[in-house]
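Every read-out reported here was derived from the displayed coordinates using simple, explicitly stated rules and does not represent laboratory data. Just so you know, these numbers come straight off a predicted model, no measurement behind them. FYI the Cβ positions are ideal-geometry reconstructions off the backbone, even for glycines, and counts take in every protein chain you see.
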């Protein structure tokens, strides 16, 4: 039976790789990489550096083209479902054509595979179709959320209080009920600007040499974050950022 590791590799700092992840990389025969285009080549490059540092000499790397998707769809749920299915077909082809029955394959996932990543769901979709069989194991990683809190030297929750992780799309609709501390990911529309009285702890390219940090009252730092974010996206062609938005006490 073929085996596949889904390995969380942290937010960008190679030192965030756990010992469990390093051992799994060392046991892997074939690494599967999805090419997201020239603007995100740096993401592929970092994965390749990690593979070379911890894998054996006989390992192989194979690449597939990540399908394009509409970033501003009218039907968000339907668009994501369609993209995920097309992506699963690319990944299934990579597995069936490149991984032998007695070999181990791996996908290296930014941050933690359980947090806003589709790899686990895609592997389940492939198994449900039944044409390609394998077993798989998930190796947790240090998420961008953990890295953000560490960089700003803060706790994500306050004493006796919960916090919630959500997306920029949902935050733009409303602040979640019942929480005063909200961690936001995937915020292309910069929804934090709707809440000028909150405090924000923001970070982009966390754990990399391009890391950017900012914090303060939204009213005071929003323009700086928006401008910094736009400049960084123009420079790199992509951006991954995360932030904690915290209501001030009455």
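Got the relative contact order for segment 105-182 handy, in percent, Cα pairs under 8 Å and 6 or more residues apart? This gives 24 percent for segment 105-182. Our analysis of segment 45-107 gives Rg over Rh at 1.09, with the two radii drawn from alpha carbon positions and Rh computed by the Kirkwood formula.
Taking 15, 177, 117 as the candidate residues, the one with maximal mean-square fluctuation in a Gaussian network model of the chain, Cα springs under 10 Å, is 177. Both radii are taken from the alpha-carbon atoms of segment 144-246; with Rh as the Kirkwood radius, Rg/Rh is 0.94. For the pair residue 209 and residue 72, how long in nm is the line joining their label points, each one 7 Å along Cα→Cβ? In this crude spin-label approximation the distance works out to 3.4 nm. Evaluate the Debye formula for the chain with equal point scatterers sitting on the alpha carbons, no solvent, and hand back log10 of I(q)/I(0) at q = 0.08, 0.15, 0.18 Å⁻¹, in q order, two decimals. Computed log10 I(q)/I(0) values: -0.34, -1.13, -1.44. Shown for segment 1-148 is the translational diffusion coefficient from the Stokes-Einstein equation, using the Kirkwood radius over Cα pairs, a temperature of 4 °C and a viscosity of 1.567 mPa s: 82 µm²/s.
In percent, rounded to a whole number, the relative contact order of segment 144-246 is 30, using alpha-carbon pairs under 8 Å and six or more apart. Among 201, 116, 76, the largest mean-square fluctuation in a Gaussian network model of the chain, built with springs joining Cα atoms closer than 10 Å, belongs to 76. Quick check: the distance between the Cα centres of segment 141-216 and segment 40-92, to the nearest angstrom? One Cα centre to the other: 25 Å.
If you build a Gaussian network model of the chain, linking Cα atoms that sit under 10 Å apart, which residue out of 111, 12, 160 swings the most? Judging by the Gaussian network model, the answer is 160.
For segment 3-139, what is the relative contact order in percent, using Cα pairs closer than 8 Å and at least 6 residues apart in sequence?
Value for segment 3-139: 44 percent.
With the simple spin-label model, which puts each label point 7 Å out from Cα in the Cβ direction, the residue 93 to residue 121 separation comes to 2.2 nm.
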